[in-house]
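Novice: Pasting in a structure now, in structure tokens, and then I'll have a few things to ask.
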Amino acid sequence: MSRILFVDDDLRLLSALRRSFKRLQPYWDCVFATSAEEALSILVEAPTDVLVTDMAMGEMNGLELARRVHLSYPEIPTIILTGTADLADAVEAINEAKVFGFYTKPCPTVLLADGILEARSEEHTSE
């Protein structure tokens with residue numbers, strides 16, 4: 001079973017992600033964090049296959065989280081969600097933090113699920 005970590009400080013969006021991905025629970029262990037700091041703690045606890053994080057968060061934004069994850073866990077592909085599509089942020093995320101994908105909100109569940117599957121496949125082909 002793949003473990004997917006979703007991170008967003010917007011509790012309503014995190015709840016929506018939880019509902020949207022509930023049907024995939026038999027295949028994916030979906031874990032949810034309300035901050036980058038909580039996500040980093042979760043990553044220490046157990047292996048994670050894909051990280052999906054919001055870009056704009058409180059203390060640490062998604063790009064900084066992606067950088068930290070890449071340094072400590074380079075095998076974990078990261079997908080960033082953002083409410084504001086900023087091409088400069090996307091380029092920086094992909095180049096500096098080796099972010100696998102960059103999606104704008106609202107992102108249809110099917111599109112995000114496909115991106116997670118693709119990131120998971122990429123992780124396995126690069127091992």
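Novice: I'm checking my understanding of the structure. Among residues of the range 22-48 that are over 18 Å from I79 (Cα atoms) and among the hydroxyl-bearing types (S, T, Y), which one is least open to solvent (accessible area, probe 1.4 Å)?
Specialist: S41
Novice: Let me ask something else. List pairs: first in the range 100-112 and at negative phi and in contact (Cβ under 8 Å) with a residue 40 or more places away in the chain, second surrounded by fewer than 21 Cβ atoms within 10 Å (Cβ to Cβ) and hydroxyl-bearing (S, T, Y), Cβ under 7 Å, 6+ apart or cross-chain?
Specialist: These pairs meet every condition: T109/S20; L112/Y103.
Novice: Continuing with this model, one more query. Since E127 meets every condition but one in (1) modelled with pLDDT of 90 or more; (2) assigned to a loop (DSSP other than H, G, I, E, B); (3) acidic (D, E); (4) over 17 Å from L5 (Cβ atoms), which condition does it not meet?
Specialist: Going through (1) modelled with pLDDT of 90 or more; (2) assigned to a loop (DSSP other than H, G, I, E, B); (3) acidic (D, E); (4) over 17 Å from L5 (Cβ atoms) one by one, E127 breaks only (1).
Novice: In this structure, does A88 turn out to be over 14 Å from the mean Cα position of the chain (by Cα), over 14 Å from I4 (Cβ atoms) and open to solvent by 20 Å² or more (accessible area, probe 1.4 Å)?
Specialist: Yes; evaluated as a whole, the condition is true for this residue.
Novice: Let me ask something else about it. Within the range 108-124, restricting attention to residues that are within 13 Å of the chain's Cα centre (by Cα) and crowded, with 16+ Cβ neighbours inside 10 Å, which residue is modelled with the lowest pLDDT?
Specialist: Among them, the one singled out is R120.
Novice: Shifting gears a bit: Would you confirm whether any residue within the range 8-21 is open to solvent by 30 Å² or more (accessible area, probe 1.4 Å), in contact with a strand residue (DSSP E or B) (Cβ under 9 Å, 6 or more places away or on another chain) and touching a residue at least 60 places away in the same chain (Cβ under 8 Å)?
Specialist: Looking for residues that are open to solvent by 30 Å² or more (accessible area, probe 1.4 Å), in contact with a strand residue (DSSP E or B) (Cβ under 9 Å, 6 or more places away or on another chain) and touching a residue at least 60 places away in the same chain (Cβ under 8 Å), one finds at least one in the range 8-21, hence yes.
The values are calculated or read from the model by the stated rules, or taken from the named source; none is laboratory data. Please read all numbers here as calculations on a predicted model, not as lab measurements. Because the Cβ atoms are built from the backbone with ideal geometry, glycine has one as well, and the counts that use them run over all protein chains shown. Heavy atoms of the whole protein, side chains included, go into the accessibility calculation; ligands, DNA and RNA do not. Shrake-Rupley method; radii C 1.70, N 1.55, O 1.52, S 1.80 Å.
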